[in-house]
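**Q** Right, I'll just put the structure down here and ask away after.
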Amino acid sequence: MSRHWHDLHSPASRASLYLRAASKRTISGDHLPDDGLRCFIRVQPGNLSAYRKLCHFPDDGRLPATYPHVMAFSLQLQLMTAPDFPFPLLGLVHLYNRIEVLRPLGGIEGLRVAVYAHNLQPHAKGGTFDLVTEAEDGIGLLWRETSRMLVRGLKLEGEASALADIEPDALPEASRWYADSDIGRRYAKVCGDYNPIHLSAVSARLFGFPTAIAHGMWSKAMALAALRGHLPHSGYAFEVDFRKPVRLPSEVVLSASAAGPAGQLRLDGHGEVLHIVGRWDRV
């Protein structure tokens with residue numbers, strides 16, 4: 001498929017994008033547009049410092065592998081709140097996230113970011129699509145992210161893929177942390193993701209959650225920061241399946257394989273609640 005690219009000077013303001021998101025509540029189609037957005041986005045040192053502190057990344061001269069996601073977030077919002085995008089942003093469920101660090105993320109002042117959506121597929125609970133984000137420097141592609149999103153209630157022709165909730169292996173504990181009741185608000189302040197399900201118990205109940213839940217990408221970033229000694233500086237992929245949300249407040253336990261070119265991880269809560277299953281490998 002030939003993609004139609006729109007090159008932007010800067011993303012739209014997040015306030016206007018959230019107004020767009022709030023105004024669309026129903027599914028308006030069953031085909032993804034072939035448009036993509038591209039924009040050069042500069043690293044904001046103050047925001048980067050706050051993100052490192054929030055997610056426990058050291059200041060080692062390299063961008064945290066999850067930070068280009070933060071840089072691209074407004075561009076992702078703009079794509080998914082465009083008039084021709086068929087699915088409402090509020091209500092999408094983040095099922096899976098894969099990040100590929102193709103070259104070292106050091107010495108970067110800005111990135112050329114591209115976002116697009118593709119791979120619409122039937123699912124037992126509706127349909128899924130992949131939101132793809134790519135980041136380039138002056139040499140070429142150095143980072144890629146694939147986020148699989150569930151659109152509940154979408155009806156598509158074809159057979160839904162089987163759900164593969166395979167129980168992961170038992171692994172030795174690598175770290176544990178406490179997700180306090182305001183981590184959703186603190187993450188939103190740094191990263192711009194003000195989805196109501198993360199902000200308070202009151203706003204989360206409006207969307208069917210008994211209490212606020214942690215951002216999945218905060219949990220992934222915390223896991224990645226804790227396992228940074230297990231991974232090379234580049235040439236790897238780090239992917240996770242989001243299972244049960246982390247209700248706030250709660251303690252979680254990260255377990256992982258030993259350091260090596262490939263490995264597995266899991267994030268568990270109390271009461272045998274499995275939050276995340278993940279793996280890393282070379283690319």
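**Q** Compute, for the chain, the length of the dipole vector about the Cα centre, with Cβ point charges of +1 (Lys, Arg) and -1 (Asp, Glu) only. Units Debye, rounded to 20.
**A** Working: 31 positive and 29 negative charges, 148 e Å.
Roughly 700 debye for the chain.
**Q** Give me the accessible area of residue 71, 1.4 Å probe, in Å² rounded to the nearest 10.
**A** Only protein atoms counted, so the area is about 20 Å².
**Q** Work out, step by step, the length gained on full extension between residue 202 and residue 90: first 0.36 nm times the residue separation, then minus their alpha carbon distance; give nm to one decimal. Intermediate values should be presented prior to the final figure.
**A** Values: separation 112, 0.36 × 112 = 40.32 nm, distance 1.61 nm.
Stretched out fully, the residue 202 to residue 90 stretch lengthens by 38.7 nm.
**Q** Using the charge dipole of the chain (Lys, Arg: +1 at Cβ; Asp, Glu: -1 at Cβ; taken about the Cα centre), state which of 55, 16, 36 has its Cα farthest towards the positive end.
**A** 16
**Q** Find how many whole Å separate the alpha carbon centroid of segment 67-98 from the alpha carbon centroid of segment 114-150.
**A** 9 Å
**Q** While we're here: Could you work out how far the C-alpha centroid of segment 1-50 sits from that of segment 218-283, in angstrom?
**A** If you average the Cα positions of each part, the centres end up 27 Å apart.
**Q** Quick one: accessible area per residue over segment 166-283, 1.4 Å probe, rounded to a whole number of Å²? List each step's numbers first, then the result.
**A** Details: 5410 Å² over 118 residues.
Accessible area per residue: 46 Å².
**Q** Which trypsin sites (Lys or Arg not before Pro) in segment 19-53 sit in a loop by DSSP (not H, G, I, E or B) and have at most 11 other Cβ atoms within 10 Å of their own Cβ? Before the final figure, lay out each step's value.
**A** Values: sites: 20, 24, 25, 38, 42, 52, 53; in loops: 24, 25.
Loop-located and lightly packed - 25.
**Q** Give me the number: length gained by fully extending residue 60 to residue 258, i.e. 0.36 nm times residue separation minus the C-alpha to C-alpha distance, one decimal in nm.
**A** Details: separation 198, 0.36 × 198 = 71.28 nm, distance 2.23 nm.
Difference between extended and current length: 69.0 nm.
**Q** Please turn the phi angles of segment 3-8 into ³J(HN,Hα) values with the Karplus equation 6.51 cos²θ - 1.76 cosθ + 1.60 (θ = phi - 60°), one per residue in order, whole Hz, x for glycine and proline.
**A** 8, 9, 8, 10, 8, 10
**Q** Pop out the carbon and sulfur fraction of the accessible area of segment 1-163 as a percent, whole number, probe 1.4 Å. Could the numbers behind the result be given before it?
**A** Details: 4070 of 7920 Å².
Here it works out to 51 percent.
**Q** Run the dipole for segment 170-262 about the Cα centre, Lys and Arg Cβ at +1, Asp and Glu Cβ at -1, nothing else charged, and hand back the magnitude in debye, nearest 20. Write out the running numbers ahead of the final one.
**A** Numbers: 10 positive and 7 negative charges, 38 e Å.
Dipole of segment 170-262, to the nearest 20 debye: 180 debye.
**Q** Further question: For segment 166-282, which whole percent of the accessible surface, found with a 1.4 angstrom probe, sits on carbon and sulfur atoms? If you can, show how the numbers build up before the last one.
**A** Values: 2900 of 5320 Å².
Of all accessible area on segment 166-282, carbon and sulfur atoms account for 54 percent.
**Q** If the cut-off is 30 Å between C-alpha atoms, which lysines fall inside it for residue 125, apart from same-chain ones fewer than 8 positions away?
**A** 24, 155, 220, 244
**Q** Here's a follow-up. Can you tell which of 27, 264, 207 lies farthest toward the positive end of the dipole of the chain, using +1 and -1 charges on the Cβ of basic and acidic side chains (Lys, Arg; Asp, Glu)?
**A** Final value for the positive-end residue is 207.
**Q** Tell me, what is the per residue accessible area of segment 1-163 in Å², probe radius 1.4 Å? Intermediate results must be reported in sequence, preceding the final value.
**A** Details: 7920 Å² over 163 residues.
It amounts to 49 Å² per residue over segment 1-163.
**Q** May I pose another question? Limiting things to C-alpha atoms, what are the Rg and the maximum Cα-Cα separation (Dmax) for segment 102-230, in angstroms?
**A** 18.0, 47
**Q** Also, quick follow-up: Provide the net charge surrounding residue 223, with neighbours chosen by a C-beta distance below 14 Å and charges set as Lys +1, Arg +1, Asp -1, Glu -1. Walk me through the numbers on the way to the answer.
**A** Details: positive: 98, 176, 220, 228, 243, 266, 279; negative: 173, 239, 241, 268.
With Lys, Arg at +1 and Asp, Glu at -1, the net is +3.
**Q** OK, next. Could you sort 51, 194 by their accessible area in this structure, using a 1.4 Å probe and putting the largest first?
**A** Values: 51 0, 194 105 Å².
So, going from the largest accessible area down, we get 194, 51.
**Q** Taking only C-alpha pairs under 8 Å that are 6+ residues apart, what is the relative contact order of segment 166-282 in percent? Intermediate results must be reported in sequence, preceding the final value.
**A** On the way: 211 pairs, mean separation 33.2, N = 117.
About 28 percent, as a whole number.
**Q** Could you give the size of the charge dipole of segment 62-208 about its Cα centre, using +1 on the Cβ of each K and R and -1 on the Cβ of each D and E, expressed in debye and rounded to the nearest 20? Before the final figure, lay out the partial values.
**A** Numbers: 14 positive and 17 negative charges, 85 e Å.
Charge dipole, segment 62-208, about its Cα centre: 400 debye, nearest 20.
The values are calculated or read from the model by the stated rules, or taken from the named source; none is laboratory data. None of the values given here were measured: they were computed from a predicted structure. Please note: Cβ atoms are built from the backbone with ideal geometry, for glycine as well, and neighbour counts cover all protein chains shown. Heavy atoms of the whole protein, side chains included, go into the accessibility calculation; ligands, DNA and RNA do not. Shrake-Rupley method; radii C 1.70, N 1.55, O 1.52, S 1.80 Å.
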